[in-house]
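The values are calculated or read from the model by the stated rules, or taken from the named source; none is laboratory data. From a predicted model like this one, the values you see are computed outputs, not experimental measurements. So basically every Cβ, Gly included, is an ideal-geometry build from the backbone, and we count neighbours across all protein chains shown. Ligands, DNA and RNA are stripped out before the accessible areas are found, and what is left, the full protein with its side chains, is counted by its heavy atoms. Shrake-Rupley method; radii C 1.70, N 1.55, O 1.52, S 1.80 Å.
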Amino acid sequence: MNIFVENVIYKYITIMNKFLRITFLSVFFLSCSSDLDFEQVNDLKLEPIAVANLAAFDIKANQFVVGGVEQSLVGDVMDFDVFSDVDFSKNLSRVDLFFEFNNTINRAYNVNFYLLDDNNSKLYTIPFFVPANSGSPIVISKTEIFENTKLDILIKTKKVAFVITMLPGTPLTDASVGNLKMRSSATIYFLGQ
């Protein structure tokens, strides 16, 4: 090829490279903007949220055996007067109760979480089925949402109870291993101000 043609091609490629670089870089220096509307702050609605631990238990397999006899039913009642303050309760919009069960025992369980009034009457039941462990831990989780009329039930709650029923299976003894664990929390949503 002719030296003149090679120089022309080289200069053309050099100019095109510079042009492409400039074009490419100029894209990064372009920006978009819009008019700011400071009146939008008047429409701002803050809705506070709080998260708190609710309850937890850790029951060893051998705790289901008393005096060498398997106990298939375990329960506990606790005071739960959280929503008795009227100012607190009237500002609630929603409450989410989260439960997580971890079972390393080779037995299945039905667990009922009861919301009770002052007279221990059931207002609401949250049922759980926790399968038996068959080699790897069983983790079950569930979120129960309380809003509108269901929230009113939670506000009336004065006590809570857990009732654990062990389902039929291989008998447990004082030497049985594993645990049935539960943890729970409440996420509380308040009305915006």
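Restricting attention to segment 121-141, and to residues there that are open to solvent by 70 Å² or more (accessible area, probe 1.4 Å), touching a strand residue (DSSP E or B) at 6+ places or on another chain (Cβ under 6 Å) and not hydrophobic (A, V, I, L, M, F, W, C), which single residue is farthest from residue 88 (Cα to Cα)? Per the stated criteria, the residue is 137. Within segment 72-84, restricting attention to residues that are assigned to a strand (DSSP E or B) and hydrophobic (A, V, I, L, M, F, W, C), the residue that is farthest from residue 157 (Cα to Cα) is 73. Of all residues in segment 85-120, which are part of a loop (DSSP other than H, G, I, E, B) and closer than 19 Å to residue 146 by Cα? Those that are part of a loop (DSSP other than H, G, I, E, B) and closer than 19 Å to residue 146 by Cα: 85, 91, 117. In segment 57-73, of all residues being surrounded by fewer than 16 Cβ atoms within 10 Å (Cβ to Cβ) and among the small types (Gly, Ala, Ser), the one that is nearest to the chain's Cα centre (by Cα) corresponds to 72. Among the residues of segment 128-155, those identified as under 22 Å from residue 61 (Cβ atoms) and either of a type in the set (Val, Ile, Thr) or part of a strand (DSSP E or B) (or both) are 128, 129, 130, 138, 139, 140, 141. In segment 156-176, the residue that is farthest from residue 104 (Cα to Cα) out of those that are hydrophobic (A, V, I, L, M, F, W, C) and in a strand (DSSP E or B) is 160. Of all residue pairs spaced 6 or more apart or on separate chains, those with beta-carbon atoms under 7 Å, a first member in segment 139-156 that is in the same structural domain as residue 100 (by TED's automatic domain parsing) and a second member that is loosely packed, with under 14 Cβ neighbours inside 10 Å and assigned to a loop (DSSP other than H, G, I, E, B) are 156/117.
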